[in-house]
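Step one of this worksheet: look at the structure below.
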Amino acid sequence: MPKEIVKDHPAKASNRRVHLANERTFLAWIRTSIAIMAFGFVVERFTLFLKQMSYVLGQSNVDIPLPPSHGYSAMLGIFLVALGSLISILAYVKYKNVDAQIDSDSYQPSSFLNILLSISVLAVGMFLIVYLLQSV
């Protein structure tokens, strides 16, 4: 009987390592989503910062600071915050799916979240390029 416990022990330890690796991957996705949301907040508030700096430096011909702009930077910032939120939700769903697949020993890799993030970053990058080219 003790031999059976010894035989099962390496499999359980290996399974634990796989679960911990899955959790580390989930936490990496959560850090990525937080970074995207933080970047979205910075983008949304950058126009307000520029207007306040122009007022402080006396380069504005208006006597009072201007309200925040609701142009491209606001839309892009809100989009990035929403994207970060969506990625965190999808990361949790993927984490739970992989967790169940590990338990049932039927893991099937999926790259949906990777593709979504890559396409989103590409779209944001292209938008920023067009936005910066228009402002030159």
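The values are calculated or read from the model by the stated rules, or taken from the named source; none is laboratory data. Remember, it's a predicted structure, so these values are computed and weren't measured experimentally. Cβ coordinates were reconstructed from backbone atoms using ideal geometry, including for glycine residues, and neighbour counts include every protein chain displayed.
Structure notes:
- Which numbered condition residue 119 fails, given (1) at pLDDT 90 or above; (2) more than 15 Å from the chain's Cα centre (by Cα); (3) among the β-branched types (Val, Ile, Thr): (2)
- Considered as a group, the residues in region 11-62 that are at pLDDT below 75 and surrounded by 13 or more Cβ atoms within 10 Å (Cβ to Cβ) include one that is nearest to residue 83 (Cα to Cα), and that residue is 47.
- Tally of residues being out of contact with any helix residue (DSSP H, G or I) (no Cβ under 7 Å at 6 or more places or on another chain) and of a type in the set (Ser, Thr, Tyr) across region 111-134: 2
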